[in-house]
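J.: One structure, pasted below without further comment.
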Amino acid sequence: MFKKILIANRGEIAVRVIRSCRELGILSAAVYSDVDRAGLHVLSADEAYCIGAAAAAESYLNIDKILAVAKRCGADAIHPGYGFLSENAKFAQACTDAGVKFIGPSAASMEMMGSKTRARQEMEKAGVPFVPGTSHGLESIQQAREVAENIGYPVMLKAAAGGGGKGMRLVGSAQALQAALEAAQSEAQRAFGDGEVYLEKAILNPRHIEMQVLADEHGNTVYLGERECSIQRRHQKVMEEAPSPLVDAEMRRRMGEVAVRVAQAAHYHNAGTVEFLVDPNLEQNFYFLEMNTRLQVEHPVTELVTGLDLVELQIRIAAGERLPFAQKDIRIRGHAIECRIYAEDADNNFFPSPGKIEMLMTPAGPGIRLDSGVYAGWTVPIDYDPLLAKLIGCGQDRRQAIARLTRALPEYFVAGIKTNLGLFRRILADGDFQSGKIDTGYLDRLLAAKADGKDVGDGKSIAAIAAAVFSVLDSTANPAASKPAAAESGWKKAARTEGLM
Ligand code: MV4
């Protein structure tokens, strides 16, 4: 087993990885940028090293600096978290070349899934159902016209290097095709340095369901059930749940077996997620969309319904261990729903709202899990994704998970910055959500509907919050000033103190 893992990330996911390291008796080394010197991940890790300026390119995306720290502190593995370098094949290869184990799939698997056209070619060979369309970059407008005519409008233009909706264009008719193709190509060129664009049949208002897979380095691959991820806005997920209210045991098995085929076709190892689009008109029809070659933000809902620790399993797999169970041992039990708490202003088009957290009260109690990356007194920097924490409710069934989240949300109070907490009260109280009538257009429809005022707190709870704020404002000591008591080597200590200056 590894002795020390460097976590090449920040915020809640770095804290999450540190927790599993500690349970496994593995030392954790954090890295941080100038603005993160007092971040929760720095305070939580056994060691912490500054890697540069706030701009991600200078710090969390800087392969050379991260590998230099890994070497210097003697880390034998690196966990990339999500975002940043997590799906960067060059980084995975650089780790291998430096003799540090990358906790994730091989660079080759990441490369295959990084190109959407390449992935479609491989999935075609493996007999995986994917959305009708081309699996090669479009070479001319004539070719685009032919393909679109064959599959029928509306069609979707997508960037081969894309993902997450960038470079994507919905085209309703032949007349609109040329302008859309040119726009998609130049957007893809600007965003990815690669103008390759291909065509798919457009599925309108699909549901977005993903399947968690886990594969060891000895050829064993299992699926851990699906997550319903349709509640999103501008390709940013807001709420996820497991299992999906739409998927029954039979569909789960079919989707799971396809996901395992996808992973095997990519010679995949470690944790991965296979994304599917589900056609609202043919609900038993699902299509392969893409594979995410990392641990995902929403992994806790799968952990709660399977009873597994996905980060622990990632680490064990990277250390060469075999999966400790087979497909038949995996049971989905109960229901879990995650709310992504962002520092953003719901009244100002969900614009990021960084700043100092003046006060923080957090929910707990039966069936509540909070994966947070912040604390009272911490200043949320503007430089990164504004995710503060993930509030996850679970229970024996969906009704109980909803009831627990509805109970927990008013226990959550953040002062100093704006958050999207109010949005979740509204979703949880919504009839369509409660009956599972959700698709990728759900949240836009909800936000377009006139606010009914129910999400405004009553006078009594506002008064209680105000009293609590005043009672603690004086005692908010600077948590960054408290240092670990354990003996540290000179340079480790220097690295941490330097950051606090
Ligand atoms: C689609 C689609 C409809 N038809 N492809 C958006 C992100 C990118 N990874 C894939 N996306 C979509 N691809 C076809 N052929 C609709 C979407 C889509 C979507 C997908 C998943 C989750 C949310 C979404 C929101 C809007 C559009």
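J.: Which whole-Hz ³J(HN,Hα) couplings does the range 374-387 yield from phi under the Karplus relation 6.51 cos²θ - 1.76 cosθ + 1.60, θ = phi - 60°, glycine and proline marked x?
T.: Values per residue, Gly and Pro as x: 9, 8, 5, x, 7, 9, 5, x, 7, 7, 10, 3, x, 5 Hz.
J.: Place a +1 charge on the Cβ of each Lys and Arg in the chain and a -1 charge on the Cβ of each Asp and Glu, then give the dipole magnitude about the Cα centre in debye, rounded to the nearest 20.
T.: Using Cβ point charges on Lys, Arg, Asp and Glu, the chain gives about 740 debye.
J.: All other residues with a Cβ under 13 Å from the Cβ of D64 taken together, and with Lys, Arg as +1 and Asp, Glu as -1, what is their net charge?
T.: Overall, the nearby charge balance is +2.
J.: Moving to a separate point now. Taking amide H positions as placed in the peptide plane 1.01 Å from N, state which residues far from S230 in sequence (5 or more) or on other chains have amide H under 5 Å from it.
T.: Answer set, sorted by chain and number: H208.
J.: Sticking with this structure for a sec: Compute the length gained on full extension between A364 and D347: take 0.36 nm times their separation in residues and subtract their Cα-Cα distance, giving the result in nm to one decimal.
T.: Result for the pair: 3.4 nm of gain on full extension.
J.: Post the alpha-carbon centroid distance, the range 396-413 to the range 228-254, in whole angstrom.
T.: Using only Cα atoms, the two centres lie 18 Å from each other.
J.: Just subtract the alpha-carbon distance of Q121 and E312 from 0.36 nm times their residue separation and send over the number in nm, one decimal.
T.: 65.5 nm
J.: Mind checking which of A343, I315, F325 is farthest towards the positive end of the range 302-353's charge dipole, using Cβ charges of +1 (Lys, Arg) and -1 (Asp, Glu) about the Cα centre?
T.: Most positive-ward Cα: F325.
J.: Under Stokes-Einstein, with the Kirkwood radius over Cα pairs standing in for Rh, what whole-number D in µm²/s applies to the chain at 10 °C and 1.306 mPa s?
T.: 66
J.: Also: Could you give the nm distance between label points at T406 and Q142, where each point is 7 Å from its Cα heading toward the beta carbon?
T.: If labels sit at T406 and Q142, their model points lie 6.2 nm apart.
J.: Let me ask you something else. Let me have the relative contact order for the chain, percent, based on Cα pairs under 8 Å that are six or more residues apart.
T.: 14
J.: Let me ask something additional. Output the peptides 85-95, 399-409 sorted from most to least packed, where packing is the average of other Cβ atoms within 10 Å over each peptide's residues.
T.: Output ranking for 85-95, 399-409: 85-95, 399-409.
J.: Sticking with this structure for a sec: How many nm separate the modelled label positions at D385 and D194, each set 7 Å beyond the Cα in the direction of the Cβ?
T.: Label-label distance for D385 and D194, simple model: 2.0 nm.
J.: Follow-up. Please list 3J(HN,Hα) in residue order for the range 193-204, calculated via the Karplus relation 6.51 cos²θ - 1.76 cosθ + 1.60 where θ = phi - 60°; whole Hz, with x for glycine and proline.
T.: Calculated HN-Hα couplings, in order: x, 8, x, 4, 10, 10, 10, 9, 4, 7, 9, 7 Hz.
J.: Any idea what the relative contact order of the range 296-435 is, in percent, if you count C-alpha pairs under 8 Å spaced at least 6 apart?
T.: It rounds to 28 percent for the range 296-435.
J.: Report, by chain and number, residues whose modeled amide H sits under 5 Å from the one on G52, excluding near sequence neighbours (fewer than 5 apart, same chain).
T.: Amide H to amide H, under 5 Å and 5 or more residues apart or across chains, G52 pairs with D34.
J.: Between E149 and R22, what is the label-point separation in nm under the 7 Å Cα-to-beta-carbon projection?
T.: Distance between the two pseudo-spin positions: 6.5 nm.
J.: For A326 and D397, compute 0.36 nm times the residue count separating them, minus their Cα-Cα distance, and round to one decimal in nm.
T.: So the chain would gain 23.1 nm between A326 and D397.
J.: Another question, if that's okay. Output the relative contact order of the range 87-218, whole-number percent, from Cα pairs under 8 angstrom with separation of 6+ residues.
T.: The value is 22 percent.
J.: Place the peptides 148-160, 53-65 in order of packing, highest mean first, counting for every residue the other Cβ atoms within 10 Å and averaging per peptide.
T.: Taking the mean over residues of other Cβ atoms within 10 Å, the ranking is 148-160, 53-65.
J.: Taking a ≥ b ≥ c as the square roots of the Cα gyration tensor eigenvalues, with a/c under 1.5 meaning rounded and otherwise prolate when a/b beats b/c, else oblate, which class fits the range 183-296?
T.: It is oblate, given that a/c is not under 1.5 and a/b is not larger than b/c.
J.: Non-local amide H neighbours of N270 (under 5 Å, H modeled in plane, Pro and chain starts lacking H): which ones?
T.: Here the answer is A215, D216, since their amide H atoms fall under 5 Å of that of N270.
J.: Right, next: Going through the range 270-339, which GluC sites (Glu not before Pro) have at most 14 other Cβ atoms within 10 Å and a DSSP loop state?
T.: Here the GluC sites (Glu not before Pro) that fit, given the DSSP loop and packing criteria, are E283, E321.
Values quoted throughout were computed directly from the atomic coordinates according to the rules given, and no laboratory measurement underlies them. What you are looking at is a predicted structure, and each value in this text was computed from that prediction instead of being measured. Here the Cβ is made from the backbone with ideal geometry for all residues, glycine too, and neighbour counts use every protein chain on show.
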